[in-house]
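Asker: Sharing a structure below in structure tokens format, with a few things to ask.
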Amino acid sequence: MDSSLAISMILGAIATVLLVVGLLGIVAGRKQATWMRVSGRVVRSKVEYRGEEFAADIVYSYQHNHIEYTGDTVSFPQFVYNWRGPAERICRRYPEGATINVYLNPQDPKRSVLEPPSGAGMVACLIASVLFFVIAWAMK
């Protein structure tokens with residue numbers, strides 16, 4: 001296989017992933033924009049090593065209609081990293097015992113998130129996707 005074709009295919013695959021992440025993030029962000037904000041508390045905050053990657057392991061509790069819930073979703077999408085630094089920064093934002101804002105789905109209060117998707121972040125994914133598609137097309 002020609003190396004430029006292989007690179008073009010890899011760039012196309014990256015573009016496709018960015019496109020899917022961007023679109024899913026925009027859809028999730030629009031839904032989560034209507035979610036209710038409640039107060040919660042961080043129960044666990046640590047960096048977890050998963051073989052070849054690091055993740056922020058954040059667990060929090062919150063109440064809705066006098067029922068206690070726990071969640072572990074910081075943001076959508078949830079990222080893992082190949083170095084410890086980004087996961088540590090997330091853990092510093094959510095130290096154990098801290099009072100936090102939790103966004104919950106009023107129709108399904110078990111579903112919650114600490115950081116609803118930023119429209120800007122998802123638009124950046126879409127723009128990067130287009131750039132990768134253009135580069136892949138040009139290399140074809």
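The values are calculated or read from the model by the stated rules, or taken from the named source; none is laboratory data. These numbers were taken from a predicted model, which means no experiment stands behind them. Here the Cβ positions follow ideal geometry from the backbone for every residue, glycine too, while neighbour counts run over all protein chains shown.
Asker: Check off (1) surrounded by 13 or more Cβ atoms within 10 Å (Cβ to Cβ); (2) in a strand (DSSP E or B); (3) more than 15 Å from the chain's Cα centre (by Cα) for residue 68 and give me the number that stays unchecked.
Answerer: (1)
Asker: Also, quick follow-up: Of the residues 3, 61, only one is of a type in the set (S, T, N, Q) and modelled with pLDDT under 80; which?
Answerer: Values: 61 fails: modelled with pLDDT under 80.
Exactly one of 3, 61 is of a type in the set (S, T, N, Q) and modelled with pLDDT under 80, namely 3.
Asker: Identify, please: which residue in the range 81-102 is more than 17 Å from residue 113 (Cβ to Cβ) and hydrophobic (A, V, I, L, M, F, W, C) and is, among those, modelled with the lowest pLDDT? Walk me through it before giving the result.
Answerer: Initial filter on the range 81-102 (more than 17 Å from residue 113 (Cβ to Cβ)): 81-89, 92, 95-97.
From the residues that got through so far, the ones that are hydrophobic (A, V, I, L, M, F, W, C) too are 83, 87.
Numbers: 83: 89, 87: 93.
The extreme case among them is 83.
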